[in-house]
Amino acid sequence: MSWLDLPAGTGFGLDNLPYGVFSDASGRRRTGVAIGDSVLDLAAATGDDVHATGSLNAFMARGPQAWADLRARLTEWLTDDAHRARVEPHLVPRSEVTLHLPVEVADYVDFYSSQHHAENLGRMFRPDSEPLTPNWKHLPIGYHGRAGTVALSGTPVVRPNGQRKAPTDDAPTFGPSQRLDIEAEVGFVVGTPSRLGTPVPVADVADHVFGVCLVNDWSARDIQSWEYVPLGPFLGKSFLTSVSPWVVPLAALEAARVAPVRDVPLLPYLDDTGRPWGLDLTLEVRLNGELVSCPPFGLMYWTPAQQLAHMTVNGASLRTGDLFASGTVSGPGRDQRGSFIELSWGGKEPLTLSDGSTRTFLEDGDVVTITATAPGSHGGRIALGEVTGRIEPAPAL
Ligand code: CA
């Protein structure tokens, strides 16, 4: 129970307590925790300057004991009537605050860990060979993205210009992407750094990963398909990656843990037997308010613990603020695909919307919003908030 009057069905109950960075009319940025329809101003409530820095990084760098201690204190403050008079003045209505990018992103890595997504793209792009590449079930495939263009949900998505060349074209042309797409993903934020030369084992994920957010890895498919050989994604991805404002602590997701099903023996450094970190999150993708897909994160083949172990097995170190994303989340059903290239099967099977219009890739003015929920530890569901963006026309050539 809580002295708080929480709205029925809020995804921001006591079993969630996600962290974000907000400002009010004063303009000062500080850390807050979402509870119901409010934000608890942590800088004011704790008196700790670590929450007045304008990003979560300094607090995240303190490590897992500090995260657990504050979570326990917050739970006590928000439940025990004895703290009400002191804490309540530091609750601000969420409708009155401006949210900011919560993390100063250090390195950004994007994986490719949904088997259904990888098979769908394999079937579209390499119809004459096996849908999965030979390495896919042996290691979590990933690439390094552009940390500096990770932006807060709501940042306008300006259609990128670039080179594109259809297989039937004689030469590349330059202009606005005609195949602008989303990738519905889940992101993991690193709090505790690691030492250069020291791999992080799968068992240590909760010592390093602070929390979870939603990611939309906007993708220009025409630019991507021409540029990606042989070194992988570049300008077709780096124009913008949007993230949700609330970082849900890993500790809030204990009830969501599931064991992925795998059918190939793993090398020892990736073996997570007995300590799986699959997460039963349900994503929802909306185009202009209409639900078009419900990607199931619980079916992902590779978990964040394995991605972390793989990312550091060569000795590469972690920094506070590193963000690694899951890769597009897709399930077996058409209405579970996490990108429009899959939903429209490469543009060949347009999606019919409720107003009768059709869509293959995104048009200027389209708004895409991704939300997600997970089982919480109190029996209900907790929310991961939303990541949204509106497509703006490409800059004039
Ligand atoms: Ca991606």
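Any idea how far apart residue 123 and residue 290 come out in nm if each label point goes 7 Å out from Cα toward Cβ?
Roughly 2.4 nm, to one decimal.
Along Cα→Cβ, 7 Å out, is where each label goes; now give me the distance between the ones at residue 37 and residue 168 in nm to one decimal.
It works out to 5.4 nm between the two label points.
Rg to Rh for the chain: what is it, with Cα atoms only and Rh by Kirkwood?
0.97
Roughly speaking, what is the stretch gain from residue 24 to residue 196, that is 0.36 nm per residue apart minus the C-alpha to C-alpha distance, in nm to one decimal?
Gain in length upon complete extension: 58.0 nm.
With the crude spin-label approximation of a point 7 Å out along Cα→Cβ, what separation in nm comes out for residue 5 versus residue 264?
About 5.6 nm separates the two model spin labels.
What ranking do 49-56, 212-219 get when scored by the average of other Cβ atoms within 10 Å per residue, highest first?
Order by mean packing, descending: 212-219, 49-56.
If you average over every viewing direction, what projected area does the convex hull of the Cα atoms of segment 98-256 give, in nm²?
Result: 11.7 nm².
Relative to the longest principal axis of the C-alpha atoms of the chain, give the angle of the C-alpha long axis of helix 115-125, reported between 0 and 90° and rounded to the nearest 10°.
Once rounded, the angle reads 30 degrees.
Take the alpha-carbon positions of segment 19-100, form their convex hull, and give its projected area averaged over all directions (one quarter of the hull surface) in nm².
That works out to 5.1 nm², a quarter of the Cα hull's surface.
Using Cα atoms only, what is the angle between the long axis of helix 64-79 and the major principal axis of the chain, expressed in degrees (0 to 90) to the nearest 10?
Approximately 60 degrees, to the nearest ten.
Only counting other Cβ atoms within 10 Å, I'd like 60, 124 sorted with the fewest neighbours first.
124, 60
If amide H atoms are built 1.01 Å from N in the plane of the peptide, which residues on other chains or at least 5 residues away come under 5 Å of the amide H of residue 385?
372
On full extension of the chain, what length is gained from residue 69 through residue 352, given 0.36 nm per residue of separation minus the C-alpha to C-alpha distance?
Gain on extension, residue 69 to residue 352, equals 96.9 nm.
Which residues' amide hydrogens lie under 5 Å from the amide hydrogen of residue 106, considering only partners 5 or more residues apart or on another chain, with H built in the peptide plane?
HN-HN under 5 Å from residue 106: 322, 323.
Ranked from highest to lowest mean number of other Cβ atoms within 10 Å per residue, what is the order of the peptides 134-146, 110-122, 297-309?
Those peptides, ordered most packed to least, come out 297-309, 110-122, 134-146.
Computed from the coordinates by the stated procedures, all read-outs in this text should not be read as laboratory data. What you see is a predicted model, and the numbers here were worked out from it, not measured in a lab. Note that each Cβ is placed from the backbone with ideal geometry, even for glycine, and that neighbours are counted across all protein chains shown.
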